[in-house]
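Notes follow once the structure below has been shown.
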């Protein structure tokens, strides 16, 4: 039986009376324990009357909660709080890889976000050296090879309280998010940002706040405003931001840290840094962990630099968060392949690998700069200075994609990267452009597509 007092208590906890606001407020009540598992919720009509909104608005909020598994609706028998499970699914990620009807038929696919295989280090020597080693004596061995942990700590941007190794940057983001983000929690992300991160946060049921990125990193004033909403996490990419190519300056990192301290929430927020470009980034790594080491989790991926199939990322920083993620992982895969860890250890100080990485950095930078120069000459706006991807402003997103597709060139639509509204854009992995003649011709094609007008797709956002 739903009492008026319960309905009033729930209504009093809802400040934003939009469908999204109602859903996230209820989600926070469930996560905090104010609404316990099995508790019956007010009917749509009861709550809509108390809030002064239409039943349609509350009904939409109820559907959103049901989709993430937070509540169960039983028709006339009412709606009840249940253990959230989340339906999940890489919806945005699939849009990046499958937005065009021509997908899979491109002569040149610049939508992938993957490194140029010809610029990756040769793994054969390292594989041969570790192939005969016995690296695991017990299922209870430490998840990280001791020598690798020592090497990683030496390279870390700040002294990490704890450090572990997982299966790539997305595995790290998933495991850390599961520790620090609960249903209804507010989290801050860059706008635009990496689509799988948005998919992941959507699956958890987080309330995402997008903060614009400028030439120096995330906007400090917008972060300060977002901190007033007491977010539990801040996700950012400190260099070669995907998709914008922006690298955060040392000054901006300090200003962000200062804003977090000034907000009074520095002990309740976790900063998660995804250094996905790693050793192929030309920009300086400026970590907020230099200022807030006990609240920062730094992720260093080796997929783009050393090879996607190496599939390793190191995670270091806030001890409580990393220990919780590592302990939970013991109930699943336990550890990342120690053979692959040994290969990475071999590569970290291998002279041939270091020379290969140096060449890759300069080559990716050259390709990016040459494309940007051609776009600038055609008055086409792009952002950032680093990484293998380029974020390009276009007159009409769909028209630009179709124009390139007609020429056998694939590009990623901008829409899946967006949190807020944004001018039409597309992302291109210009790091895959090799020969100079192909690069110039492709850049000219990109410039032409960027200025092509059409019916657009803004109404679908």
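Some points to look at:
- Test for residue 398: is it touching a residue at least 40 places away in the same chain (Cβ under 8 Å), more than 22 Å from residue 192 (Cα to Cα) and crowded, with 19+ Cβ neighbours inside 10 Å: no
- One residue from 392, 372, 380 being closer than 18 Å to residue 429 by Cβ, assigned to a strand (DSSP E or B) and touching a helix residue (DSSP H, G or I) at 6+ places or on another chain (Cβ under 9 Å): 392
- Only one of 312, 330, 285 that is modelled with pLDDT under 95 and in the same structural domain as residue 215 (by TED's automatic domain parsing): 330
- Residue match in region 409-432 (condition: over 28 Å from residue 249 (Cβ atoms), outside the structural domain of residue 216 (by TED's automatic domain parsing), modelled with pLDDT under 95 and out of contact with any helix residue (DSSP H, G or I) (no Cβ under 9 Å at 6 or more places or on another chain)): no
- Selection from region 187-221 of residues that are assigned to a loop (DSSP other than H, G, I, E, B), closer than 22 Å to residue 268 by Cα and free of Cβ contacts under 8 Å to residues at least 60 places away in the same chain: 206, 219
- Considering region 91-180, the qualifying helices (runs of 4 or more DSSP H), each wholly inside and each with 2 or more residues that are modelled with pLDDT of 85 or more and under 30 Å from residue 201 (Cα atoms), run over 146-155, 169-180.
- Region 331-361, residues that are over 15 Å from residue 311 (Cβ atoms) and without any contact (Cβ under 8 Å) to a residue 24 or more places away in the chain: 331, 332, 351, 354, 355, 358
- In the set 212, 190, 202, 221, only one residue is surrounded by 24 or more Cβ atoms within 10 Å (Cβ to Cβ) and either modelled with pLDDT of 95 or more or assigned by TED's automatic domain parsing to the domain that holds residue 264 (or both); that residue is 190.
- Per the listing 22, 30, the residue uniquely in the same structural domain as residue 67 (by TED's automatic domain parsing), part of a helix (DSSP H, G or I), free of Cβ contacts under 8 Å to residues at least 60 places away in the same chain and crowded, with 16+ Cβ neighbours inside 10 Å is 22.
- Every residue from region 164-174 that is touching a residue at least 40 places away in the same chain (Cβ under 8 Å) and surrounded by fewer than 23 Cβ atoms within 10 Å (Cβ to Cβ): 167, 168, 171
- Qualifying residue in region 43-50 (condition: part of a loop (DSSP other than H, G, I, E, B) and either outside the structural domain of residue 202 (by TED's automatic domain parsing) or modelled with pLDDT of 85 or more (or both)): yes
The values are calculated or read from the model by the stated rules, or taken from the named source; none is laboratory data. None of the values given here were measured: they were computed from a predicted structure. Methodologically, a virtual Cβ is constructed for each residue, glycine included, from the backbone with ideal geometry; neighbour enumeration extends over all protein chains shown.
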